[in-house]
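Below is one structure, written out as structure tokens; comments come after it.
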Amino acid sequence: MPFPRQYPDHAARQRAYRARQADARLAEQAAKGLPAAPSLPTLPSRARWQALLAHAQAALETARDEMQTYYDARSDAWQQGDRATTLQEQLDTLTKVIDDLDTLPLF
């Protein structure tokens, strides 16, 4: 026994699909804490840019903190080795990037 038609035609089915996709994108942006994108992509959205920069900064700080925790959890012998030196250089570079992001002028 076939299922009854949910949509009267293919165009209605396509409109429903696109509406579901748009709702999913909005829900994903809301979960990330981002404001909705502007209706006209040529208009700058300062609030959106600031939210994206704040999100990027939070992600970089999380990575730095996890790397520092990993470094601190290793033995003293490991901290004297080459891998520790490489990790410390990466931490220093990441800290510099975060500091540069802090000094970035807000729009």
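By how many degrees, between 0 and 90 and to the nearest 10, does the Cα long axis of helix 46-73 differ from the longest principal axis of the chain?
40
Taking K and R as +1 and D and E as -1, what net charge do the other residues with C-beta under 13 Å from the C-beta of ASP92 add up to? Walk me through the numbers before you get to the answer.
Working: positive: ARG64, LYS96; negative: GLU89, ASP99, ASP100.
So the environment of ASP92 carries a net charge of -1.
How far apart, in nanometres, would the label points at THR86 and TYR7 be if each is projected 7 angstrom from Cα along the Cα-to-Cβ direction?
5.2
If the viscosity is 1.002 mPa s and the temperature 20 °C, what translational diffusion coefficient in µm²/s does Stokes-Einstein give for the stretch 45-102 when Rh comes from Kirkwood over Cα pairs?
Roughly 170 µm²/s, to the nearest whole number.
Please give the helix 10-32 orientation as an angle from the longest Cα principal axis of the chain, in degrees from 0 to 90, rounded to the nearest 10.
The two axes meet at around 30 degrees.
Rounded to the nearest 500, what is the 222 nm mean residue ellipticity of the chain from helices alone, with -39500 (n - 2.57) per DSSP H run of 4+ residues and division by all residues? All intermediate terms of the calculation are to be shown ahead of the outcome.
On the way: 4 runs with 76 residues, N = 107.
Calculated at 222 nm, the ellipticity per residue is -24500 deg cm²/dmol.
Treating the beta-carbon of each Lys and Arg as +1 and of each Asp and Glu as -1, no other charges, what is the dipole magnitude of the chain about its Cα centre, to the nearest 20 debye? Walk me through the numbers before you get to the answer.
Details: 13 positive and 14 negative charges, 240 e Å.
Computed about the Cα centre, the dipole is about 1160 debye.
Placing one identical point scatterer on every Cα of the chain and ignoring solvent, what is log10 I(q)/I(0) from the Debye formula at q = 0.11, 0.15, 0.18, 0.23 Å⁻¹?
For the chain, the Cα-only Debye profile gives -0.62, -0.82, -0.97, -1.18.
Rule-based calculations on the coordinates, nothing more; no lab input. All values reported here derive from a predicted model rather than from experimental measurement. In this analysis, Cβ positions are derived from the backbone assuming ideal geometry, glycine residues included, and neighbour counts consider all displayed protein chains.
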